[in-house]
Amino acid sequence: IDGYRRSDSEWDRRKRNRFEMTLNQNMDGFGSLYLSMSQDRYYGSQSNSYSISGGVGTTVGRASIALSLTKTQDNANDNNMVNLSVSMPLGHADQNLGSLSYNLNRDNNNQYSQSFGYSDTVLDNRVNFSANLQRDAHGKYSQSGSVGYNGSLANVSAGVGRSNGYQQYSAGMSG
């Protein structure tokens, strides 16, 4: 059943059922609130895992700001996370100069990870590109970038990433 053999250690961790609930509330010009809950139950176990997440989002000028808190628990593992997300379009309403984004996460051990990015589209939205810089909770940095072209005959994309002294390249084409 589900690809497990009876002798597998994961046999008793097969998901039995899942309960999910999400509530959203628009605050009439002051932003929005949300609350999300989920619970998983497993065969052969009395333990459950659950996740509760809540947050608020708003705009300040042209910037979008969101703050969320998430609590997850699985057996004896407890994790609390806080996330702050900010995105800001550049330029004026009639002149698009791309968008900046910033994310800050705090984990259960009071360690922080951050990411900063820029993205834009040009040539009547046919060419898109992005660049990102991340710092993980251990202070290590990684960088990535991508570019894509949406043509009439084909879509082409390319990407590069660097992390912990390793580089990764990717390319794709569809049409």
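Only residues that are open to solvent by 80 Å² or more (accessible area, probe 1.4 Å) and touching a residue at least 24 places away in the same chain (Cβ under 8 Å): list them for segment 48-72, please.
Thr59, Arg62
Given the criteria touching a residue at least 12 places away in the same chain (Cβ under 8 Å), open to solvent by less than 70 Å² (accessible area, probe 1.4 Å) and outside any strand (DSSP E or B), does Ser45 qualify?
Considered against the rule, which asks whether it is touching a residue at least 12 places away in the same chain (Cβ under 8 Å), open to solvent by less than 70 Å² (accessible area, probe 1.4 Å) and outside any strand (DSSP E or B), Ser45 comes out as yes.
Considering each residue of segment 45-81, count those that are more than 26 Å from Asn26 (Cβ to Cβ) and polar (S, T, N, Q), and give that number.
Summing the residues that are more than 26 Å from Asn26 (Cβ to Cβ) and polar (S, T, N, Q) in segment 45-81 gives 11.
Between a first residue in segment 134-147 that is in contact (Cβ under 8 Å) with a residue 12 or more places away in the chain and a second residue that is open to solvent by less than 80 Å² (accessible area, probe 1.4 Å) and not in a strand (DSSP E or B), which pairs have beta carbons less than 7 Å apart while being 6 or more apart in sequence or on different chains?
From segment 134-147, the pairs are Ala137/Asp107; Ala137/Gln111.
Look through Leu97, Leu123 and report the one residue that is within 28 Å of Ala66 (Cα to Cα) and among the aliphatic types (A, V, I, L, M).
Being within 28 Å of Ala66 (Cα to Cα) and among the aliphatic types (A, V, I, L, M) holds for just one of Leu97, Leu123, which is Leu97.
Go through segment 34-81 and report how many residues are out of contact with any Ser or Thr (no Cβ under 8 Å at 6 or more places or on another chain) and among the charged types (D, E, K, R).
The qualifying residues number 2.
The values are calculated or read from the model by the stated rules, or taken from the named source; none is laboratory data. Computed from a prediction, not measured in an experiment: that's the story for all the values here. Positions of Cβ are generated from backbone atoms using ideal geometry, with glycine treated the same way; all protein chains shown enter the neighbour counts. Surface areas here come from the heavy atoms of the whole protein model, side chains and all, with no ligands, DNA or RNA. Shrake-Rupley method; radii C 1.70, N 1.55, O 1.52, S 1.80 Å.
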